[in-house]
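Note sheet for the following structure.
The values are calculated or read from the model by the stated rules, or taken from the named source; none is laboratory data. Because the structure is predicted, anything quoted here is derived from the model rather than measured. Ideal geometry is used to build each Cβ from the backbone, glycine not excepted, and the neighbour counts take in all protein chains shown. For accessibility, only protein heavy atoms count, side chains too; no ligands or nucleic acids. Shrake-Rupley method; radii C 1.70, N 1.55, O 1.52, S 1.80 Å.
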Amino acid sequence: MCVEHVCEVTVLNKEDEDVLLVALHQLVAAQDGAISGPTTSALAAGYSCDPSKCELPSCNCASTSPPGGLSPSEVPQFVVFTADDAIQSYTLDSVNQFLAQRKNPNGCPIKMTYFTSLNYTNYTLVTDWMTHVGSPPADEINGNLIALNALAGIPFDAIKGFRAPYLNYTADTFHLLAAADFTYDSSTAASIPVTDPDTDAYWPYTLDYGLANDCLTVDDICQGQPQLPGFWEIPMYAFFDELGINGPHLMDPWLDTANGASTVNDTATLEYMKNTFTAHYSGNRQPIGLYTHPIHLSTTYPGVDPSNSTIQMINQYLDWLQEQQDVWIVSNEQLLAWVQNPVPVSQLDTIEALKCPTPDVDPTLQICNGIPINEAGLLQECAFSDFPFFTCYGCPEVEVSPSNPNPPQQVPQGQQARFRLPANCSTPFWDPIAGNCLCVSDDCAFTDNSRPIGPNGANLTGGGTGDSAAAASPTTGPTYVNFNGAGAARFFSSDPFGIVSVFVGGVVTAAAAALTLVDL
């Protein structure tokens, strides 16, 4: 587990490449979350919450009904898109083939949540982040936060959420996360269909009255525990095939066999994904999610050969979703912002998290701020043998680890140490070489590029497709050396900045190139 700025890693020879490929596959295998049946029951949960005392925005009872007393017909259908593990050009390429050209109903590019690990991550691709560790000690959580802040320039207050690797966690995990000021966890499973009267597909809720999910699989939770006022749980909502409650699919469902079959069938997968979505959409509109490990679908990483049929199937599913009214593809942070302040679809213009502000930074300025057009030529390469990376914030003298998250900087001869991001400046406005903030928080300017929702049913559906760079005629963005040394990865942007941002091992909010907006 590591913490760093988004690092670009170059494999120097074929032997190293083979070792790295094995290591990454092991990492993914260790963090694939799967369930085979119900993970809770009403009896095991023993859940009781007083809605008269638990009120938004700081408290919400676990409920299958929409928050704020809204009718389902007034509620947007949120589709959460998350990715887990290392951030590299090939993992972003993998995500972009699904989200690159898509827009939400307000015309904003799609945001997603990226739970990243420290190992094998390219820090120049991260602008905001979170942590990805399972049942870690407090010093490991804190070390991850410090390193991501120091080397990726992610503000501490931008680190929002957490997902446990392999979805393995304990009751102590929640206490540690709350103590570290995380806003939410998203490691529990909603494992019973919404059509079942005993469904555990709850809207996001706070742990003021304990957990209501995973009560059959994790010790010392539920029955009113753990009680952590104001700390949120965002369940991971499973898909279900023809076997119903006995046929759940959670992470990377396209890798699973369906309906008890012995081989993967993309047609069957698409059918049950559509059916599960329809059950949510025509019911209480609980969120639904696509929880991915992008390396499985990478077309640019050596040794990974995803089926073109599977890639087309996922895009077909997303295309179909966006044909439905009031469907929004969002990050966990965007979902939570709406849950804390639920408004009907006619008032979604009031939810700041759903808008698409772009920082107003002069594109002619040369500052290392995470915006490719500004930082060209200013990145430093940290050439560690295990995993080299690039950063704006000065290479450390030794490799970063949770126990040593912010080592002293290597300072090249004739240069000075670079300055870390201070608490009172935002990443795109900070010059780490000069140690200067272009503006104070109240004066930092952003341009909102969202379009109004409605009236009279206008702009109620999304648009765009997956990766279609040629058709989109985008502006060419910067090139990066691929993690595997296989050549340059080019990012495209239809805006002048093309910020790529990600959430780390938890959730980070940031604007990604017009290709993908991500919360890390």
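Out of the total accessible area of region 360-469 (probe 1.4 Å, heavy atoms of protein only), what percent is carbon and sulfur?
Looking at region 360-469 in its full context, I get 49 percent from C and S.
So between Asn341 and Phe384, what do we pick up on full extension, going 0.36 nm a residue minus the alpha carbon distance? Mind dumping the intermediate values first?
Details: separation 43, 0.36 × 43 = 15.48 nm, distance 4.53 nm.
Length gained, Asn341 through Phe384: 10.9 nm.
Per residue of region 351-363, what does 6.51 cos²θ - 1.76 cosθ + 1.60 with θ = phi - 60° give for ³J(HN,Hα)? Whole Hz please, x for Gly and Pro, Karplus curve as stated.
Ordered by residue, 3J(HN,Hα) equals 8, 4, 5, 8, 7, 10, x, 10, x, 8, 10, 4, x Hz.
Using the beta-carbon distance between Glu323 and Asn246 and R0 = 30 Å, what value does 1/(1 + (r/R0)^6) give for FRET efficiency, to the nearest 0.05? Let's see the in-between values first.
Numbers: r = 30 Å, r/R0 = 1.02.
E(calc), rounded to 0.05, equals 0.50.
With a cut-off of 8 Å between alpha carbons and a minimum separation of six or more residues, what is the relative contact order of region 295-414 in percent?
It rounds to 9 percent for region 295-414.
How much length is gained on full extension from Gln416 to Phe446, taking 0.36 nm per residue of separation minus their Cα-Cα distance?
This chain segment gains 7.7 nm when fully extended.
What number comes out for accessible area per residue over region 164-271 if the probe is 1.4 Å? Units Å², please.
Per-residue accessible area for region 164-271 comes out at 37 Å².
Calculate what fraction, in whole %, of the accessible area of region 150-268 sits on carbon and sulfur atoms when a 1.4 Å probe is rolled over the protein chains. Numbers along the way, then the final one.
On the way: 1960 of 4220 Å².
Within region 150-268, the accessible surface is 46 percent carbon and sulfur.
So, R0 is 35 Å and r is the distance between the beta-carbons of Tyr166 and Asp50; what FRET efficiency does that work out to, to 0.05?
Approximately 0.50, to the nearest 0.05.
Roll a 1.4 Å probe over the protein chains and send me the accessible area per residue for region 360-469 in Å².
Here the per-residue accessible area is 51 Å².
At each listed q (0.10, 0.18, 0.21 Å⁻¹), what is the log10 of I(q)/I(0) that the Debye formula gives for region 360-469 modelled as equal alpha-carbon point scatterers?
-0.47, -0.98, -1.14
Lys and Arg at +1, Asp and Glu at -1: add these up for the other residues within a Cβ distance under 11 Å of Leu207 and post the number.
Details: positive: none; negative: Asp185, Asp208, Glu233.
Net charge around Leu207: -3.
To two decimal places, what compactness ratio does region 40-110 give when its Cα radius of gyration is scaled by 2.2 N^0.38 Å? Don't jump to the answer; show the numbers that get you there.
Working: Rg = 18.3 Å, N = 71, 2.2 N^0.38 = 11.1 Å.
For region 40-110, the normalised Cα radius of gyration comes out at 1.65.
Please list, in chain and number order, the residues 5+ apart from Leu243 or on another chain whose amide H is under 5 Å from its amide H, with Hs placed from the backbone.
Here Asn259 satisfy the definition.
For labels at Ala423 and Thr278 in the simple 7 Å Cα→Cβ model, what's the distance in nm?
5.3 nm
Let me have the relative contact order for region 162-211, percent, based on Cα pairs under 8 Å that are six or more residues apart.
It rounds to 29 percent for region 162-211.
Where in region 91-111 does the amide nitrogen come within less than 19 Å of the point 7 Å from the Cα of Asp349, taken along Cα to Cβ?
Counting backbone N atoms under 19 Å from the label point, the list is 104-109.
Under 5 Å between amide hydrogens, which residues at least 5 positions from Gly46 or on another chain qualify, with H placed 1.01 Å from N in the peptide plane?
Gln223
Find the Rg to Rh ratio for region 206-289, where Rh is the Kirkwood radius over alpha-carbon pairs and Rg uses the same atoms.
Reported Rg/Rh (Cα atoms, Kirkwood Rh): 1.07.
For region 360-469, what does the relative contact order come out to in percent, with C-alpha contacts under 8 Å and a separation of six or more?
That works out to 20 percent.
Quick check: residue separation of Asp362 and Ser65 times 0.36 nm, minus the Cα distance between them. What number comes out in nm?
Answer, rounded to one decimal: 102.3 nm.
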